[in-house]
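These notes concern the structure reproduced below.
Here, each number is a calculation from the coordinates, and none is a lab measurement. Everything numeric here is computed off the predicted structure, so don't read it as measured data. Counting neighbours? That spans all protein chains shown, and the Cβs are built from the backbone with ideal geometry, glycine included.
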Amino acid sequence: MDNNMPVISAKDLNLWYGDFKALKGISLDVGEREITALIGPSGCGKSTFLKTLNRMNDLVPNVRIEGDVRLRGEDIFSKEMQLTDLRRRVGMVFQKANPFPMSIYDNITYGPKLHGVRNKAELDELVESSLRGAALWDEVKDRLKKSALGLSGGQQQRLCIARALAVKPEVLLMDEPTSALDPGSTMKVEELMSELKKNYTVVIVTHNMQQAARISDRTAFFLLGELVECGPTGEIFSTPKDKRTEDYISGRFG
């Protein structure tokens with residue numbers, strides 16, 4: 001394995017919803033164990049790009065995709081790539097926490113059971129390690145058999161992160177994971193992301209530029225379906241190369 005090889009590499013990716021072209025020739029590499037933030041105004045293609053990475057857009061009617069996306073060199077659109085396998089390797093956390101209406105324990109073991117883990121000791125261990133990974137274990141360890149719907153919004157979002165971790169993914173996609181949370185919960189999720197990148201590659205869509213500046217290693221700026229520029233977060237925020245990036249970051253539009 002070449003260590004410099006990107007975990008995810010998109011080349012000249014185009015996507016249409018019917019006649020509307022939502023992504024225009026996107027080429028973007030995502031590196032190992034770093035947080036890549038996708039920023040830009042609403043409707044500019046960030047979430048569409050994110051959802052392409054684990055083929056969530058396959059579910060949209062009249063979607064047409066051209067171009068190349070690779071996960072560690074493997075073509076994610078090839079016939080050999082099993083969707084269940086891709087979605088295990090590339091996990092997704094949505095904007096709105098969506099715990100299953102079942103116990104905390106069952107939420108986390110749902111994915112591993114689907115992938116054939118049956119041994120109770122192994123499942124117990126996965127529940128603990130995933131909840132610890134999502135900084136939630138101490139808060140819920142005494143109520144694992146209680147409904148996940150009884151948790152607060154911030155806890156539910158961390159549970160959804162734990163659920164994504166339970167299948168041992170390589171990449172974690174997060175679509176505005178804190179936009180529905182209060183500042184305290186947002187801070188916890190941000191702290192958690194900084195921990196997660198020690199073991200995972202994270203791609204996050206965020207509307208919150210301060211958040212991108214605080215937590216990401218690289219930032220990609222999307223505008224009207226185009227990737228305007230991408231680079232180390234510090235550079236994008238301090239010395240962007242493109243006037244449009246500068247205008248967006250300094251709040252002239254957006």
Percent of beta bridges antiparallel (DSSP, the chain, rounded to nearest 5): 60
Residue-span extension gain [Lys21 to Leu86] - 0.36 nm each, minus C-alpha spacing: 20.9 nm
Just want the answer: with Cβ charges of +1 for Lys and Arg and -1 for Asp and Glu, which residue in Ser216, Val202, Met174 is farthest toward the dipole's positive end in the chain? Met174
Go ahead and estimate [θ] at 222 nm for the chain from helices alone: -39,500 (n - 2.57) per DSSP H run with n ≥ 4, summed, over the residue count, rounded to 500. -10000 deg cm²/dmol
Toward the positive end of the charge dipole of the stretch 52-165, about the Cα centre and with charges on Cβ (Lys, Arg +1; Asp, Glu -1), which of Gln95, Met56, Ser129 goes farthest? Gln95
Between helix 104-114 and the chain: long-axis angle, C-alpha atoms, 0 to 90°, nearest 10: 70
Sort Arg143, Arg87 so the one with the fewest other Cβ atoms within 10 Å of its own Cβ comes first. Arg143, Arg87
So what is the relative contact order of the stretch 135-251, in percent, for Cα pairs below 8 Å that sit 6 or more residues apart? 17
If the reach is capped at under 27 angstrom between alpha carbons, list the lysines near Lys79, excluding any in the same chain fewer than eight residues apart. Lys11, Lys21, Lys24, Lys46, Lys51, Lys113, Lys168
Work out the length of the dipole vector of the chain about its Cα centre, built from +1 on the beta-carbon of each Lys and Arg and -1 on the beta-carbon of each Asp and Glu, and round it to the nearest 20 debye. 580
What is the dipole size for the stretch 114-218, taken about its Cα centre, with +1 at each Lys and Arg Cβ and -1 at each Asp and Glu Cβ, in debye to the nearest 20? 240
Ordered by packing density, taken as the mean number of other Cβ atoms within 10 Å over each peptide's residues, highest first, how do 182-188, 218-224 rank? 218-224, 182-188
Asn199 paired with Ser238, simple spin-label distance in nm, labels 7 Å along Cα-to-beta-carbon: 3.3
Projected onto the charge dipole of the chain (+1 at Lys/Arg Cβ, -1 at Asp/Glu Cβ, origin at the Cα centre), which of Ala37, Gln155, Gly225 gives the Cα projection farthest towards the positive end? Gln155
To the nearest 20 debye, what charge dipole does the stretch 1-119 have about its Cα centre, counting +1 at the Cβ of each Lys and Arg and -1 at the Cβ of each Asp and Glu? 380
